[in-house]
Amino acid sequence: MQKVNCNIEFEEYRYDELNAEDRELIDRAVRFGKNAYAPYSHFKVGAALKLENGEVIGGCNQENAAYPSGLCAERVALFSAATQYPDITPVAMAIVGCRDGKPTEEPLSPCGACLQVIHETELRYKRPVSLFLYGKERIIKVTSVRSLLPFAFDAKNMNK
Ligand code: THU
């Protein structure tokens, strides 16, 4: 038996420490989140996905009375970008969760399913996606989803 440590690297910022471009991506995520359809959880999430050409694609959570039929903000943005701009590489995503119209104090991490889709996106476009997880107290930045999903599943696990 061997115990192995896995360190993850991330950066923490206050909003005013970020550069204007990153602040703008977070602001866009806040605005997209206002369009969320969340009558069941009352938790509205916005995602702003920046592409290599500067285009920003939005996503917000879409819930359903048949709960599993809904979709998270992050996957709405990722799948929408892949539909509209399949050949343009995604480079960064900001994610903001809001309750009662106010962003959460602590950063919101994508759920496991969204981490998996971000991972596949990184493989597909052969480029890491920076993630900005917004909280009023602090903003966490990781330069790849691999920091949050070190044992990601992918086609290699199927010996492909
Ligand atoms: N949700 C997201 O859209 N993104 C996340 O990162 C976490 C959770 C949504 C799903 C559901 O509509 C609501 O937030 C409560 O879980």
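I'd like to know if region 17-24 contains one or more residues that are within 15 Å of the ligand (Cβ to nearest atom), within 22 Å of LYS102 (Cβ to Cβ) and either over 16 Å from the mean Cα position of the chain (by Cα) or assigned to a strand (DSSP E or B) (or both).
Checked against the condition, which is being within 15 Å of the ligand (Cβ to nearest atom), within 22 Å of LYS102 (Cβ to Cβ) and either over 16 Å from the mean Cα position of the chain (by Cα) or assigned to a strand (DSSP E or B) (or both), region 17-24 yields no hits at all.
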| task | Starting from residues that are in a strand (DSSP E or B) and more than 15 Å from the ligand (Cβ to nearest atom), keep the ones in region 25-52 and report whichever is surrounded by the fewest Cβ atoms within 10 Å (Cβ to Cβ). | result | LEU51
| task | Starting from residues that are within 10 Å of the ligand (Cβ to nearest atom) and assigned to a loop (DSSP other than H, G, I, E, B), keep the ones in region 87-110 and report whichever is farthest from the chain's Cα centre (by Cα). | result | LEU108
| Which residue pairs have Cβ atoms closer than 8 Å, lie 6 or more positions apart in sequence or on different chains, and pair a first residue in region 50-62 that is under 16 Å from PRO110 (Cβ atoms) with a second residue that is open to solvent by less than 10 Å² (accessible area, probe 1.4 Å) and among the charged types (D, E, K, R)? | GLY59/GLU74
| Do any residues in region 1-21 that are within 20 Å of GLU137 (Cα to Cα) have Cβ atoms under 8 Å from those of residues that are part of a strand (DSSP E or B) and charged (D, E, K, R), where the two are at least six apart or on different chains, and which pairs are they? | PHE10/LYS141; GLU11/LYS141; GLU12/LYS141; TYR13/LYS141
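The values are calculated or read from the model by the stated rules, or taken from the named source; none is laboratory data. Everything numeric here is computed off the predicted structure, so don't read it as measured data. Heads up, the Cβs are rebuilt from the backbone with ideal geometry, glycines too, and the neighbour counts pull from every protein chain shown. These area figures cover heavy atoms from the full protein model, side chains too; ligands, DNA and RNA do not enter into them. Shrake-Rupley method; radii C 1.70, N 1.55, O 1.52, S 1.80 Å.
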